[in-house]
Amino acid sequence: MGRLVAFLMIVVLAPLFICIVLAVLIFSGYPVLFRQVRIGQYGKPFTIFKFRTMVNKHSGSTTSVKNEPRITGIGAFLRKWKLDELPELVNILMGDMAFVGPRPDVPGYADKLEGEDREILKLKPGLTGPASLKYLDEEELLAGQEDPVHYNDSVIYPDKVKINRIYKERKSVMHDLKIIVYTLSRKKWNEY
């Protein structure tokens, strides 16, 4: 069902995709898409697709903060409205992701999960989920920290793991629909 919905959304949103592709090409150049290895269900790596929001060939942390120089002007707009994540519909179509679930981590995070925390790897990663909704303002929060990477690794990431474990226990169609409604209304998740 998720794959069919993803396909229909890609068809319906095709004009928006074309506009974003043109905007990225005009304001940031080639390539339009950003590809990155992420850890999926059962710890299996897959390639995630997003619209490119950073300067080409930047070097730096996988932790992003608001207004950092490597984020392009068009990229800041796309990130603010989460439009950079629209190509992840292709990941859903391919079966690597679901609409709702834990956000897929880069290698170095998910593979360090231990004990009961590894249970979240049984879930398909999602385009949205309660942890990403709780941290809708994550880039702003990190921008206010003296050491954003340390704060992410010691505060935000452990909290996201805890939230994703609770999500796994409560997962249901109705729960996922509620998360989708929160996502569409850009409402923060503070339920657990």
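No value in this document is a laboratory result; all are computed from the given coordinates. All values reported here derive from a predicted model rather than from experimental measurement. Note that each Cβ is placed from the backbone with ideal geometry, even for glycine, and that neighbours are counted across all protein chains shown.
Data table
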read-out: Centroid-to-centroid separation of segment 140-182 and segment 79-121 [C-alpha atoms, Å]; value: 12 Å
read-out: LEU16/GLU116 FRET efficiency (R0 45 Å; Cβ-Cβ; nearest 0.05); value: 0.65
read-out: Cα-based shape type of the chain, given that a ≥ b ≥ c are square roots of the gyration tensor eigenvalues and the cut on a/c is 1.5; value: oblate
read-out: The chain - mean residue ellipticity at 222 nm from DSSP helices (-39,500 (n - 2.57) per run, n ≥ 4, rounded to 500); value: -12000 deg cm²/dmol
read-out: Under 5 Å, built H, 5+ apart or other chain: amide partners of ARG103; value: GLY126, SER132
read-out: Cα extents of segment 98-153 along the three principal axes, largest first (Å); value: 34, 24, 17
read-out: Estimated FRET transfer efficiency when R0 is 25 angstrom, pair PHE27-HIS175 (beta carbons, to 0.05); value: 0.05
read-out: Relative contact order (%) - criterion: Cα under 8 Å, at least six apart; region: the chain; value: 22 percent
read-out: Cβ-based exposure ranking for TYR157, TYR192, in which fewest neighbours within 10 Å come first; value: TYR192, TYR157
read-out: Additional length obtainable on full extension of the chain from LEU184 to LYS80, 0.36 nm per residue less Cα span; value: 36.1 nm
read-out: Order of SER132, SER28, SER172, SER154 under a 10 Å beta carbon neighbour criterion, fewest first; value: SER172, SER154, SER28, SER132
